[in-house]
Amino acid sequence: MYESAVQNLIDELGRLPGVGPKSAQRIAFYILDAEAEEMQKLTDAITRVKKTVSFCEICGNVSETKLCAICRDESRDVTALCVVEESKDVVAIERTRSFTGRYHVLGGSINPLAGIGPEQLRIRELVARLSDERINELILAMDPNLEGEATATYLSRLLVPIGIRVSRLASGLPVGGDLEYADEITLGRALEGRRVISEGNRALTDNSAQDFEAAIEKEAQQKLAEEVESKPRTRWSGSMFDDLGADSNAPENQQDTDQHKPPRGEQSDLNGPLLEAEVEEAGLEAQEEVTQDLPAEEAPAQPVPGELSPEERAERVAAAAFEAEEGLSAPETEEADTSGEAGQAQERREAYEQKLDELKKTPLRTVAPTIPPIPGKTYVNPWT
């Protein structure tokens, strides 16, 4: 189509990898339009590469000397050896700054369609290098394609009987990629090569669902118990106006508080001191009345402080109050028949217990509150 020289240049450029007929044509016309000095520099660079650059005698990497810079570096790890296909793969791994061992370049991959087999690769040199006892790990870093997989499978079957640890680069999802755009093989490789983050210490059981429900129920019971303990215990004052504000519109916590109140008309155990004070006050008043009626020499002696306990003193005061109401006096009781003292004592005891029960059921007097229980209503204290 073109002159012999131009067509010969296009044909030679088209033989380069990755260069098609159109690209070769564009490169050829670029060379024709370029300055002669620039094309001379390109010619000299190609000539120098072919004269001075060769392959390393140990690893097969490109080098201007017999040994490449990596093989000459004594600080590299000699126990790990990474096997790659081309010299460009060495540069790619070195950019990661994650591998500090040495390399071995095969010079290609097994491709039967192109006529490349294990004999055309530097596999014999690799086996010879493995005779060094310092090498204990071999990393296969082939391309994740059909040719690379075939080469890695061949090397793994060949080198496993030697007893050296053989590993393969993981293949899977790329960083920044999306699952929806990944193919099936890539996702499968990602699942096979997944990394364990934590082994876990959870014990396997036959009834996992029941154990889970039991744990949830136990947690709910503990939470309920904590709520009950945290609620303040209400103290019933004995007033008839305690439940005036208890209605359906009261807040939930107020309704819960009303449920724990004791029944109306009965004294709460929390008001024991108030009850004893009331009984003692009533007994003292009755004793004063009886003492005023008796002669001075027959007046009962005042109890010495500290001799009787508060419970015995309250019982005696209540008994004295009961005898005063019944009209009994000390002289009359002294003249009573000795045979009837036991029966009268039992009757007085029963009457005293009945009186004590009535006192317990009697609401205590309360002080008028500063705020009326019912908004808009005037509070009237019935005791005043």
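One line per residue, one yes/no per condition, for (1) in the same structural domain as residue 169 (by TED's automatic domain parsing); (2) over 22 Å from residue 120 (Cβ atoms); (3) at pLDDT below 90; (4) among the hydrophobic types (A, V, I, L, M, F, W, C):
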residue: 77; (1), (2), (3), (4): yes, yes, no, no
residue: 82; (1), (2), (3), (4): yes, no, no, yes
residue: 89; (1), (2), (3), (4): yes, no, no, no
residue: 95; (1), (2), (3), (4): yes, yes, no, no
residue: 101; (1), (2), (3), (4): yes, yes, no, no
residue: 104; (1), (2), (3), (4): yes, no, no, no
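Among the residues making up segment 146-202, a single one is acidic (Asp, Glu) and closer than 18 Å to residue 104 by Cβ: 147.
For segment 57-72, give me each residue that is surrounded by 13 or more Cβ atoms within 10 Å (Cβ to Cβ) and small (Gly, Ala, Ser). 60, 63 - these are the residues of segment 57-72 that are surrounded by 13 or more Cβ atoms within 10 Å (Cβ to Cβ) and small (Gly, Ala, Ser). Residue check: is residue 157 under 28 Å from residue 61 (Cβ atoms), touching a helix residue (DSSP H, G or I) at 6+ places or on another chain (Cβ under 7 Å), of a type in the set (Lys, Arg) and free of Cβ contacts under 8 Å to residues at least 40 places away in the same chain? It is false that residue 157 is under 28 Å from residue 61 (Cβ atoms), touching a helix residue (DSSP H, G or I) at 6+ places or on another chain (Cβ under 7 Å), of a type in the set (Lys, Arg) and free of Cβ contacts under 8 Å to residues at least 40 places away in the same chain. As an exercise: evaluate residue 116 against (1) touching a His at 6+ places or on another chain (Cβ under 9 Å); (2) farther than 17 Å from residue 168 by Cβ and give the number of the one condition it does not meet. With respect to (1) touching a His at 6+ places or on another chain (Cβ under 9 Å); (2) farther than 17 Å from residue 168 by Cβ, residue 116 is out only on (1). The criterion of at least 2 residues that are in contact with a Lys or Arg (Cβ under 8 Å, 6 or more places away or on another chain) and either within 25 Å of residue 164 (Cβ to Cβ) or touching a residue at least 60 places away in the same chain (Cβ under 8 Å) (or both) is met, among helices (runs of 4 or more DSSP H) falling completely within segment 44-145, by 69-72.
The values are calculated or read from the model by the stated rules, or taken from the named source; none is laboratory data. Because the structure is predicted, anything quoted here is derived from the model rather than measured. Methodologically, a virtual Cβ is constructed for each residue, glycine included, from the backbone with ideal geometry; neighbour enumeration extends over all protein chains shown.
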